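The values are calculated or read from the model by the stated rules, or taken from the named source; none is laboratory data. What you see is a predicted model, and the numbers here were worked out from it, not measured in a lab. Backbone-built Cβ (ideal geometry, glycine too); neighbour counts: all protein chains shown.
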Amino acid sequence: MLCFAVSTSLQEAHALPTQSGIIVPLYLPPGTGWDSLVQAKISHPTVPILAIINPLNGSGQVQNPDYVQGVQNLQSNGITVLGYVYTNYAARNSTEVVNEIVEYKRFYNVTGIFFDQMSYVAGNETYYKNLDTIAKSLGITLTIGNAGVDTVPSYVETVDNIVTYDNATLPTIQYLDGWHKNFTKNNFSIIAFGVNSLDKSFVTHASSFVEYMYITNGSLPNPFDSVPSYFGDLASALDNSSNTSAIDTLTIKPVDMLANQIRGMWTELHDNNGTTISSGFAPKSYTVTSGKQYTVFVSGWNNTKFDHWDDASTNPYRAITPTHDMMLTAYYSGVIATDNIRTLTIKSEDMSGSQIVGMWTELHAPKGGLINSGFAPKSYSVTFGKQYTVFVSGWNGTVFDHWDDASTNPYRVIIPTQDMMLTAYYRK
């Protein structure tokens with residue numbers, strides 16, 4: 001099911017732990033519905049709110065003064081505004097899409113773009129990656145694609161975030177699990193309509209799997225021509241600002257018996273009840289709560305076998321209670337690393353030294369080519385003695401201030417000779 005495009009009248013439909021937020025298809029003209037987003041943001045300032053505007057089945061031919069004023073009001077209250085652009089499953093001419101992005105930027109100074117009707121079958125990834133690159137070059141900082149259904153992993157990171165569910169009723173938690181847990185939740189969002197009452201338990205559980213969600217009681221033919229009366233309750237259910245527990249970074253590093261780093265070993269993070277919180281291939285960084293108990297699990301692959309941890313224990317399951325940033329080293333037999341790999345971890349903190357999450361990072365080669373990217377805390381595999389450039393940026397009013405070496409350039413050149421952790425400090 002796809003997000004529906006409307007302006008002042010109903011238009012034709014077209015086939016959009018870290019603090020999770022709300023993504024609102026705001027397909028109604030400026031007015032009380034828009035004001036309800038502002039009220040919720042004022043009441044819950046730490047909850048990110050994204051508003052997708054759609055003046056006329058897209059940007060329209062001319063600037064709408066009501067939308068100019070409405071967008072400015074949203075942005076001045078800390079709400080991120082995205083412009084709606086349909087892509088017809090990669091069949092729409094990309095030049096037309098780019099022209100709409102330009103118009104959204106020129107007419108309304110949006111900071112995000114919502115690509116509706118995103119393809120979800122293999123083969124069209126480059127179409128969206130190219131649009132993302134062009135949008136970023138135009139000053140857009142956030143791109144979201146609305147596949148509306150489960151996609152394939154190859155689309156992850158073609159845009160910043162993918163809506164993998166846009167349909168009537170709530171998805172199951174099992175729907176949000178599966179292959180998705182090989183990636184951070186920052187890559188995924190969901191939209192559910194036709195939901196008469198808010199299930200706060202679902203919101204809590206789903207927030208472990210998606211960065212943004214929207215739930216509304218709106219129904220077909222246009223579920224998004226109003227904002228639900230329980231919108232404030234949705235913001236409240238996502239508000240974890242009362243949780244003052246410190247956030248730490250846990251990094252799992254696999255090495256051979258000579259302490260040379262290797263890659264591709266499976267790791268899992270479990271809570272105290274044995275439930276898998278996150279997983280992926282090491283080297284891998286997890287965001288954990290200080291003082292909370294976890295269990296880490298590692299396994300080998302093919303002839304590479306887990307041998308022991310850095311504390312000499314030989315059980316692949318290891319219970320930990322982090323009280324600070326930690327790096328656990330798992331030793332493996334049956335392999336000797338020859339590429340001298342090190343781990344570079346990028347961590348983001350506010351000006352008081354409290355960790356924050358969701359800040360964008362990039363790793364570049366010496367000549368500027370992008371090697372890898374993702375949201376901090378983020379770990380990269382780098383080669384001993386090779387030069388790299390690290391880049392970080394802010395989001396939603398949070399801006400980069402300085403590095404832990406006091407430098408203020410968001411681009412930082414490094415030559416790793418050991419495992420490194422770089423801390424970027426941000427201010428509002």
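If S201 satisfies all but one of (1) surrounded by 16 or more Cβ atoms within 10 Å (Cβ to Cβ); (2) of a type in the set (S, T, N, Q); (3) closer than 28 Å to T80 by Cβ, what's the number of the condition it fails?
All conditions are met except number (1).
Answer with yes or no whether D166 is of a type in the set (D, E), closer than 30 Å to T275 by Cβ and under 16 Å from the mean Cα position of the chain (by Cα).
no
Could you list, in sequence order, all residues of the range 59-93 that are under 13 Å from V110 (Cα atoms) and small (G, A, S)?
If the condition is that a residue be under 13 Å from V110 (Cα atoms) and small (G, A, S), then S59, G70, S76, G78, G83 are the ones that fit.
Based on what the data block shows, is Y104 part of a helix (DSSP H, G or I), of a type outside the set (A, V, I, L, M) and more than 25 Å from Y230 (Cβ to Cβ)?
Against the criterion (part of a helix (DSSP H, G or I), of a type outside the set (A, V, I, L, M) and more than 25 Å from Y230 (Cβ to Cβ)), Y104 qualifies.
Could you pull out the residue among T398, T408 that is within 20 Å of the chain's Cα centre (by Cα) and of a type outside the set (A, V, I, L, M)?
Of T398, T408, the one residue that is within 20 Å of the chain's Cα centre (by Cα) and of a type outside the set (A, V, I, L, M) is T398.
Within the range 39-57, work out how many residues are surrounded by fewer than 18 Cβ atoms within 10 Å (Cβ to Cβ) and more than 24 Å from Q117 (Cβ to Cβ).
So the count comes out to 5.
Can you go through T323, T345, T295, T304 and tell me which one is polar (S, T, N, Q), over 25 Å from Y425 (Cβ atoms) and within 27 Å of the chain's Cα centre (by Cα)?
Result: T295 is the single residue among T323, T345, T295, T304 that is polar (S, T, N, Q), over 25 Å from Y425 (Cβ atoms) and within 27 Å of the chain's Cα centre (by Cα).
Can you list the strands (runs of 3 or more DSSP E) found entirely within the range 270-360 that contain at least 2 residues being among the hydrophobic types (A, V, I, L, M, F, W, C)?
Passing ranges, in order: 276-282, 294-298, 305-309, 317-320, 326-333, 341-350.
Quick check on L234: is it outside the structural domain of D310 (by TED's automatic domain parsing) and either assigned to a helix (DSSP H, G or I) or surrounded by 15 or more Cβ atoms within 10 Å (Cβ to Cβ) (or both)?
yes
Need the failing condition index for V81 against (1) over 25 Å from G394 (Cβ atoms); (2) β-branched (V, I, T); (3) in contact with a helix residue (DSSP H, G or I) (Cβ under 8 Å, 6 or more places away or on another chain), just the number.
(1)
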